[in-house]
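Here the structure is laid out as structure tokens; the discussion comes afterwards.
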Amino acid sequence: MYRIFIVEDDRGIADAIKTQAQMWDFQARCVQNLRNVMEEFTAFDPHLVLLDITLPFYNGYHWCNEIRKISTVPIIFISSASDNMNIVMAMNMGGDDFIAKPFDQSVLIAKIQALLRRSYDFGTAAPVLEHRGAELNTGDNTLTFQGQKIELTKNEYRILLALMESKGKVVSREKLMERLWESDSFVDENTLTVNVNRLRKKLDAAGLPNFIITKFGVGYLIEG
């Protein structure tokens, strides 16, 4: 049974989501202490997080950042602040999807099901892709190098997967954005650049400099 963690300060909305999720056989829990979301997150160990942006004490961006320090769990932002700036910010902070309030409960459940399916059922995808001693595990979205496990966000994983699947060939920025669009993520040119730069920093820190090569005006390449 998939566990859904609901971080929403409006108790009416939170309880309605919880009830609907339970009707679909999800195990759902609403946050109780908005001062210490991480303690409850760690204890519940959810498969997916629904996260409001406007919260007391610390906003949703803060908690998304804290979650991303320790987990690649899928995160769907739910917010009435649905202008493009907030959507882009949510994706750049490590969110996987965004749904604007007010929303239809059936649409929310459909998005949850789709994201869980993409995140935990990889079908016929190759289990491990390797390059320069680094192994991309398609089962848990992590990269392992010299015994070190490198946590990746969903978007970082999809970018690296696309590049490693086409090793030795340039993958255009348009193709990479199409791969991210397949996940219903809101992705523009700036969002892609942010994700690639963040991924490069992780690779550099792990001892994999120049793992991703930029072909200016064309796209990106992992050399064969």
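Some observations on this one:
- Among (1) surrounded by 19 or more Cβ atoms within 10 Å (Cβ to Cβ); (2) under 22 Å from residue 140 (Cα atoms), the one test that residue 61 misses: (2)
- Restricting the stretch 99-119 to residues that are over 16 Å from the mean Cα position of the chain (by Cα) and of a type outside the set (A, V, I, L, M), the residue that is surrounded by the fewest Cβ atoms within 10 Å (Cβ to Cβ): 102
- Residues in the stretch 169-188 that are exposed (fewer than 15 other Cβ atoms within 10 Å of the Cβ) and at pLDDT 90 or above: 169, 172.
- Taken together, the residues in the stretch 81-98 that are more than 14 Å from the chain's Cα centre (by Cα) and surrounded by 14 or more Cβ atoms within 10 Å (Cβ to Cβ) amount to 3.
- Condition broken by residue 75, with the remaining ones in (1) surrounded by 14 or more Cβ atoms within 10 Å (Cβ to Cβ); (2) over 23 Å from residue 199 (Cβ atoms) satisfied: (2)
- Among residues of the stretch 89-107 that are assigned by TED's automatic domain parsing to the domain that holds residue 190 and under 18 Å from residue 119 (Cα atoms), none has a Cβ under 7 angstrom from a residue that is of a type in the set (Gly, Ala, Ser) and surrounded by fewer than 17 Cβ atoms within 10 Å (Cβ to Cβ) at a sequence gap of 6+ or on a separate chain.
- Of all the criteria given as (1) surrounded by 19 or more Cβ atoms within 10 Å (Cβ to Cβ); (2) over 25 Å from residue 201 (Cα atoms), the one not satisfied by residue 67 is (2).
- Residue within the stretch 5-25 that is in contact with an Asp or Glu (Cβ under 6 Å, 6 or more places away or on another chain), under 19 Å from residue 68 (Cβ atoms) and surrounded by fewer than 22 Cβ atoms within 10 Å (Cβ to Cβ) present: no
The values are calculated or read from the model by the stated rules, or taken from the named source; none is laboratory data. Since the model is a prediction, treat every value here as computed from it, not as a measurement. Cβ atoms come from the backbone with ideal geometry, glycine included; neighbour counts cover every protein chain shown.
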